[in-house]
Amino acid sequence: MIAEHVAFGIIAAVMVASALRVVTTRDIMHAALYLVIVLAGVAALFLLVGAEFTGITQVLIYIGAVIVLFLFGIMLTRTDFDQDEETDHKRKFPAILTALLLLAVMIGALVDRFEDVKLDANLPGGQTPQTTAQVSDELFSQYIVPFEAVSVLLLAALIGAIVIARREEGG
Amino acid sequence: MYLNEMLLLGAVLFCIGVYGVLARRNGVLVLMSIELILNAVNINLVAFGAFHDTVQGQIFALFVITVAAAEVGIGLAIVLLLYRNRRSIDLDQVDLMKG
């Protein structure tokens, strides 16, 4: 039990530090690489609570695909402006204030409601891992319509991205 | 393990993402901050799924991951188009419709 807490603490500390670097670093390429650490931490947390399939999917889609997409986006839009963001100071303090207020409200609500709730409280023998077979059973029976809708959405996004980003012929 | 550990981490990540969206001017970085927010939501979904011992939390998280991938694709295409037209991805300069 204690090992779980230690593992969670290490992962959480690394994730929060990296997330802070993502939103504060000047070099956008570093931001993308710190984002990898955050996403890997999320995947590790998923494995920690027994959500194996979602953890693997997180690695495949986020670290495998989304980050590569971000790196392409960064390389295709390189400007001098990346290095020099000193002028965002006028919005920095309102933004910090908003984020801290939001955090205070959420922490207050969460601590008030879930103060001592154990994650595996529902089962006497601790929690059972939610296997890939269970996920697929549920996904392809009860959630088949949303699944198909998401596949159509992905197709639409694919075509939309091509249409938006391609160069006009002779234009 | 306490449920609140996961939920509080999700809240912290969410707020960091909100700060990124509000304070940064680089279009790609704003998209990255949105990814942070969506990941915070996924942590909550999976934590509640594990808490109730159902796979529904995982399934919703999977849907969020898929929609986020689609969103990044479209978002980066828009940023690319912006860069091509204006040689800049500074979101403060995108104020054509400002009154």
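What follows draws every value from the coordinates through simple rules; no lab data is involved. Please read all numbers here as calculations on a predicted model, not as lab measurements. Methodologically, a virtual Cβ is constructed for each residue, glycine included, from the backbone with ideal geometry; neighbour enumeration extends over all protein chains shown.
Data for the structure
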| item | result |
| --- | --- |
| Selection within region B:50-99 - at positive phi and either in contact with a helix residue (DSSP H, G or I) (Cβ under 8 Å, 6 or more places away or on another chain) or of a type in the set (Asp, Glu) (or both) | B:Asp53 |
| Any pair with Cβ under 7 angstrom, 6 or more apart, that starts in region A:144-156 at a residue that is assigned to a helix (DSSP H, G or I) and ends at one that is of a type in the set (Gly, Ala, Ser) | A:Leu153/B:Ala70; A:Leu154/B:Ala70 |
| Condition met for B:Ser33 (under 26 Å from A:Leu71 (Cβ atoms), among the hydroxyl-bearing types (Ser, Thr, Tyr) and not in a helix (DSSP H, G or I)) | no |
| Test: B:Ile16 is in contact with a Ser or Thr (Cβ under 7 Å, 6 or more places away or on another chain) and part of a helix (DSSP H, G or I) | no |
| Candidate set from region B:14-61 (those that are surrounded by fewer than 23 Cβ atoms within 10 Å (Cβ to Cβ) and of a type in the set (D, E, K, R)); member that is farthest from A:Thr24 (Cα to Cα) | B:Asp53 |
| Region B:16-34, residues that are under 21 Å from A:Ile107 (Cα atoms) and within 7 Å of chain A (Cβ to nearest Cβ) | B:Ile16, B:Val18, B:Tyr19, B:Gly20, B:Leu22, B:Ser33 |
| B:Ala77 vs. criteria closer than 23 Å to A:Met75 by Cβ and either free of Cβ contacts under 8 Å to residues at least 40 places away in the same chain or of a type in the set (Asp, Glu) (or both) | yes |
| Condition met for B:Ile74 (surrounded by fewer than 24 Cβ atoms within 10 Å (Cβ to Cβ), at the interface with another protein chain (Cβ under 7 Å from one of its Cβ atoms) and farther than 20 Å from A:Val38 by Cα) | yes |
| Elements of type helices (runs of 4 or more DSSP H) in region A:1-119, at least 3 residues being surrounded by fewer than 16 Cβ atoms within 10 Å (Cβ to Cβ) and of a type outside the set (A, V, I, L, M, F, W, C) | A:2-24, A:89-113 |
| Selected residue (only one of B:Ile89, B:Ile37 is touching a Ser or Thr at 6+ places or on another chain (Cβ under 7 Å) and among the β-branched types (Val, Ile, Thr)) | B:Ile89 |
